[in-house]
Amino acid sequence: MFNTNVVVLNSFQATTELLEKRSKIYSDRPHTVMFHELTGWHRNFGLLQYGDMWRMYRRTFHQYFRNQAVPSFHQKMKRTVNKLLVALTDSPDDFLAHYRYMTGSLAFDVSYGMDVDSIKYPAIETAEKAVQCMLEIMSTGSFLVDTLPILKYLPAWLPGADFKKKAIQWRRCVDEMFTRPFKIAKNEWEHAHLKPSIALDLFRSMQDSQKDDPNFEEVITNITAVTYVGGTDTSTSTLRMFTWIMLSYPSVQAKAHEEIDRVIGRNRLPELRDKETLPYITALLKEVLRWRPIGPLGIQHRSTADDEYKGYFLPGGSIVIANTWAVLRDEKRYPNAQIFDPCRFLNDHGALDPTIPDPTEAFGYGRRICPGRYYATDLLWLTIANVLAAYVIEKTIDEHGDIIEPKDEFTTGLHCLPVSVKASFVPRHEEAVDLIRSLVASSD
Ligand code: HEM
């Protein structure tokens, strides 16, 4: 593509061989003018080039989001999922906004100990705008300046230099997203009011060892913001996909309801400790991630040295795209891969079958694999289990009384998402109504 070589890996074998086994030379990210020079996204370590700085950020982030550490967020997850159930009763049509608020407010709680009480909270609005700008830039080929970097010297007023005007607006938004909640948290820390959170832990651990390091505030700023950047749009989009699937496959939804009623009963809501006893819900989540990964082409890697694979010469500096869609529809790993079927992950006794591979490729590859995957999996599992315990997700009816069928239309490019999802959330039974009422009472 212009002066850059682009390598597309279309098989599990190729992604494993190159991105996993040879990850030492396939873990860089492409440098783009829009991200790294014009809009301030260099602060997001997920886009940093492979090297010591990236390693330091990744290590620091990992200590909070590794498998063993994530249970420390379970209580916060439970609270935010409860709020979602209440919101779905109050205004079921706004379920997409409720999903977004849930993932966003949880990120603020986890990072800064902040209790964000409305989707209109300015910090969430700013962060949303910044994330949307990131997604726009990421869509390959969006901006000519990334192909012809010399264009960055054009003045913003020149016709054709709209990207510069956009970049100036976005930079303001991105800067605000990174620094504003951090400043609030810093003020709370200085007044000894900062609630348990990643920010509190980082302030504590860095106050002695690194207090003279001018970068220490920047590290806290960047680490805490990445929870929002990496974790909200991805999780919200997965829940949107889940909702579309529930509308399209009512028999799958009925099986999930049956399992919840049989194992949990109707007098309480599922918790993360119930995971082992609800294998169908776990299989359902795996299949949502596999069947239509929201990022079908992952996030680009870049190679840092010349290489050879199966007779192909792969020049260093190539952009490397993993075709996650193809990997997760590999017939050898997932027979009848086109079909949505959670049971593929279960054995004849209805237990999870350890011989069927987990769709981890939905979270990427090698040294760059998503560090938030354990957190994301727990949050999604808890959300799906609770929503299905309390509600039936049903098709809606239009103004003529006709049922609105879910359209088989998906966005293309970086994101694969159903273009439109119209659903209604109907409490499943009287007990569910009582459970939700008790959540309202306890939140009051
Ligand atoms: C369903 C939810 C999610 C999906 C599908 C997802 C997917 C991905 C993918 C495909 C990548 C690129 C991996 C690669 O380059 O090979 C990635 C990277 C990343 N994700 Fe996630 N993610 C999710 C949730 C989260 C959450 C909850 C967080 C934070 C708590 C997070 C933080 C990150 C970060 C920081 C990176 C960059 C890693 C690096 O470059 O070293 N993600 N994610």
Lone unmet requirement of (1) open to solvent by 10 Å² or more (accessible area, probe 1.4 Å); (2) closer than 20 Å to LEU388 by Cα for SER72: (2)
So, restricting to helices (runs of 4 or more DSSP H) that lie completely within region 229-345, which ones have at least 2 residues that are within 30 Å of VAL6 (Cβ to Cβ) and within 18 Å of the chain's Cα centre (by Cα)? 279-291, 324-327
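Just checking, which of TYR280, TYR249 is in contact with a Phe, Trp or Tyr (Cβ under 7 Å, 6 or more places away or on another chain) and among the aromatic types (Phe, Trp, Tyr)?
After applying the criteria, what remains is TYR249.
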Being open to solvent by 20 Å² or more (accessible area, probe 1.4 Å) and either closer than 13 Å to ALA167 by Cα or under 19 Å from the mean Cα position of the chain (by Cα) (or both) is the filter here, so list the residues in region 43-53 that pass it. ARG43, GLY46, LEU48
Out of (1) under 18 Å from VAL252 (Cα atoms); (2) out of contact with any Phe, Trp or Tyr (no Cβ under 8 Å at 6 or more places or on another chain), the odd one out for PRO342 is which? (2)
Looking at this structure, is VAL426 part of a strand (DSSP E or B), among the β-branched types (Val, Ile, Thr) and open to solvent by 50 Å² or more (accessible area, probe 1.4 Å)? yes
Qualifying position, being farther than 24 Å from CYS370 by Cα and either in contact (Cβ under 8 Å) with a residue 40 or more places away in the chain or basic (Lys, Arg) (or both), among PHE65, PHE143, PHE108, PHE61: PHE143
List the pairs whose first member sits in region 255-269 and is closer than 13 Å to LEU382 by Cα, whose second member is exposed (fewer than 11 other Cβ atoms within 10 Å of the Cβ), and whose Cβ atoms are under 9 Å apart, counting only residues at least 6 apart or on separate chains? none
Exactly one of ALA87, ALA123, ALA69 is more than 16 Å from the ligand (Cβ to nearest atom) and at pLDDT 80 or above, and that one is ALA87
Give the number of residues within region 312-324 that are surrounded by fewer than 17 Cβ atoms within 10 Å (Cβ to Cβ) and under 18 Å from THR412 (Cβ atoms). 0
Residues that are more than 15 Å from the ligand (Cβ to nearest atom), outside any helix (DSSP H, G or I) and closer than 29 Å to GLU176 by Cβ: does region 215-223 have at least one? yes
Quick check on my filter: what residues within region 379-412 are within 16 Å of the ligand (Cβ to nearest atom) and touching an Asp or Glu at 6+ places or on another chain (Cβ under 8 Å)? LEU382, ALA385
Going by the structure shown, is LYS83 in contact with a Cys (Cβ under 6 Å, 6 or more places away or on another chain), touching a residue at least 12 places away in the same chain (Cβ under 8 Å) and either open to solvent by 30 Å² or more (accessible area, probe 1.4 Å) or within 26 Å of LYS166 (Cβ to Cβ) (or both)? no
Residues of region 343-378 that turn out to be within 10 Å of the ligand (Cβ to nearest atom) and of a type in the set (D, E, K, R), as a count: 5
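To keep it simple, each residue is scored yes or no on (1) over 28 Å from ASP408 (Cα atoms); (2) among the charged types (D, E, K, R); (3) open to solvent by less than 10 Å² (accessible area, probe 1.4 Å).
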{"residue": "ASN215", "(1), (2), (3)": "yes, no, no"}
{"residue": "THR234", "(1), (2), (3)": "no, no, no"}
{"residue": "GLU258", "(1), (2), (3)": "no, yes, no"}
{"residue": "ARG266", "(1), (2), (3)": "yes, yes, no"}
Could you please find all residues in region 14-66 being in a helix (DSSP H, G or I), more than 14 Å from the ligand (Cβ to nearest atom) and at pLDDT below 90? VAL33, MET34, GLU37, LEU38
Members of region 1-13 found to be crowded, with 16+ Cβ neighbours inside 10 Å and in a helix (DSSP H, G or I), listed by number: PHE12
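Using the structure shown, decide if ILE339 is open to solvent by 40 Å² or more (accessible area, probe 1.4 Å), at pLDDT below 95 and on the phi < 0 side of the Ramachandran plot.
Here the answer is no, as ILE339 does not meet what is asked.
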Need pairs with beta-carbon distance below 7 Å; first residue among the small types (Gly, Ala, Ser) and within region 405-432, second surrounded by 19 or more Cβ atoms within 10 Å (Cβ to Cβ); sequence gap 6+ or separate chains. ALA423/PHE95; ALA423/THR243; ALA423/LEU247; ALA423/ILE393; ALA432/ALA390
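The values are calculated or read from the model by the stated rules, or taken from the named source; none is laboratory data. All values reported here derive from a predicted model rather than from experimental measurement. Positions of Cβ are backbone-derived with ideal geometry, glycine not excepted, and every protein chain shown enters the neighbour counts. Just the protein is used for accessible areas: all its heavy atoms, side chains included, with ligands, DNA and RNA removed. Shrake-Rupley method; radii C 1.70, N 1.55, O 1.52, S 1.80 Å.
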